[in-house]
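The values are calculated or read from the model by the stated rules, or taken from the named source; none is laboratory data. Because the structure is predicted, anything quoted here is derived from the model rather than measured. Methodologically, a virtual Cβ is constructed for each residue, glycine included, from the backbone with ideal geometry; neighbour enumeration extends over all protein chains shown. Accessible surface areas use protein heavy atoms only, side chains included; no ligands, DNA or RNA. Shrake-Rupley method; radii C 1.70, N 1.55, O 1.52, S 1.80 Å.
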Amino acid sequence: MTAFDSNPLDDRADDSSDEDREGGEPILAFLLIEGEHFPFDAFLTQLAETPIAGVRAEGIDGPNEGMCRFVLGDESASVVLLPSQYPIGDLEGPMETSLLWPRAEPIERLREHQSHLLIVLNGGQGDPVRRRMMLTAVTGLAAGQQGVMAVYWPEATHLVYPPVFAEMAAEITDSETPPLLLWLDLRVFLTADGASGLFTTGMRPLGHMEIEIPRIEMEPGELREWVLDIVYYLLENGPVLNDGDTIGTTGAPLIFVRHGPSQFGHEGEVIRLCCGSDQ
């Protein structure tokens with residue numbers, strides 16, 4: 001079950017032109033809302049005054065019946081309030097694993113949200129990173145509004161505390177390094193012998209294979225930082241980790257690159273980084 005089972009946009013987007021539907025595929029973010037209302041007027045006022053990744057919103061229309069629309073460069077944007085909970089079953093795992101949630105704030109409260117906000121960008125011809133920079137900036141403005149309980153980034157299947165998301169989104173500029181911690185789940189786990197492993201969720205929407213590390217002798221924090229460096233390198237240089245390549249520095253064990261099926265349920269091939277003895 002997903003938030004789109006009832007196709008909430010079908011009846012509200014009949015006036016969309018064919019041009020609106022062409023170009024890049026829709027990219028989405030969700031906000032969990034405490035009550036039944038979202039302060040559209042405050043959000044749209046801020047939107048009109050704030051550049052979104054270097055672009056000004058134009059053609060702002062709404063709010064009308066819980067929806068507003070606008071244009072960002074070549075992107076058609078829609079913000080829709082859906083009068084129901086986001087499927088709770090899809091949130092149980094993310095509530096247990098969120099790294100961007102303060103311990104002092106009980107994340108279990110999210111089960112009590114009454115509605116959710118859908119933010120969609122559609123049609124843009126920009127590269128995947130550029131498009132998500134724009135979506136993040138819009139979502140950050142919405143996350144700063146009253147009554148927002150959480151941001152759910154479905155491509156990474158993780159939840160983010162609204163002030164954290166808003167602060168990181170506000171730092172986006174046209175040339176800034178992308179906020180990968182908002183876009184990727186870097187899931188670390190412990191192996192049976194006490195070493196670390198990791199798999200990503202969210203690389204494929206950025207145009208790359210997911211990364212999986214079955215076992216490596218690194219502390220969890222060090223491992224996340226190392227993988228983030230690899231991801232930044234891939235985003236800058238393209239898919240340069242080929243099957244059979246090695247990664248390593250002088251005096252360090254070689255890491256072998258293997259392409260193959262996922263061990264963690266991802267579709268298609270993944271990049272598996274293996275120590276010599278774990279190939």
On the given criteria, is L82 under 14 Å from L117 (Cα atoms), in contact with a Leu (Cβ under 8 Å, 6 or more places away or on another chain) and either crowded, with 19+ Cβ neighbours inside 10 Å or not aliphatic (A, V, I, L, M) (or both)?
yes
How do the pairs read when you match residues in segment 204-228 that are open to solvent by 50 Å² or more (accessible area, probe 1.4 Å) with residues anywhere that are among the small types (G, A, S) and assigned to a loop (DSSP other than H, G, I, E, B), using Cβ under 9 Å and keeping only pairs 6 or more apart or on different chains?
R204/G268; G207/G238; R215/A195; E217/A195
If I filter segment 233-245 down to residues being part of a helix (DSSP H, G or I) and open to solvent by 80 Å² or more (accessible area, probe 1.4 Å), which single residue comes out as nearest to R187 (Cα to Cα)?
Y233
Could you tell me whether segment 19-26 includes any residue that is open to solvent by less than 20 Å² (accessible area, probe 1.4 Å) and under 16 Å from T139 (Cβ atoms)?
no
Within segment 113-138, restricting to residues that are more than 22 Å from G66 (Cβ to Cβ) and polar (S, T, N, Q), the one that is most open to solvent (accessible area, probe 1.4 Å) is Q125
Please determine, by comparing only the residues of segment 187-202 that are under 13 Å from L99 (Cβ atoms) and open to solvent by 10 Å² or more (accessible area, probe 1.4 Å), which one is farthest from the chain's Cα centre (by Cα).
V188
Which residues, counting only those in segment 139-159, are open to solvent by 10 Å² or more (accessible area, probe 1.4 Å), part of a strand (DSSP E or B) and closer than 22 Å to P51 by Cβ?
V148
Do any residues in segment 252-269 that are in contact (Cβ under 8 Å) with a residue 40 or more places away in the chain have Cβ atoms under 8 Å from those of residues that are among the polar types (S, T, N, Q) and part of a strand (DSSP E or B), where the two are at least six apart or on different chains, and which pairs are they?
H266/T201
Touching a strand residue (DSSP E or B) at 6+ places or on another chain (Cβ under 7 Å) and farther than 26 Å from V160 by Cα: does that describe G194?
no
If I go through segment 246-272 residue by residue, how many of them are open to solvent by less than 90 Å² (accessible area, probe 1.4 Å) and not in a loop (DSSP other than H, G, I, E, B)?
11
Pairs please, first residue from segment 94-117 and under 15 Å from L31 (Cα atoms) and assigned to a loop (DSSP other than H, G, I, E, B), second anywhere and acidic (D, E) and open to solvent by 70 Å² or more (accessible area, probe 1.4 Å), Cβ atoms under 9 Å, 6+ apart in sequence or on different chains.
H113/E34; Q114/E34; Q114/E36
Could you list all residues from segment 217-232 that are hydrophobic (A, V, I, L, M, F, W, C), in contact with a helix residue (DSSP H, G or I) (Cβ under 9 Å, 6 or more places away or on another chain) and outside any loop (DSSP other than H, G, I, E, B)?
L228, V231
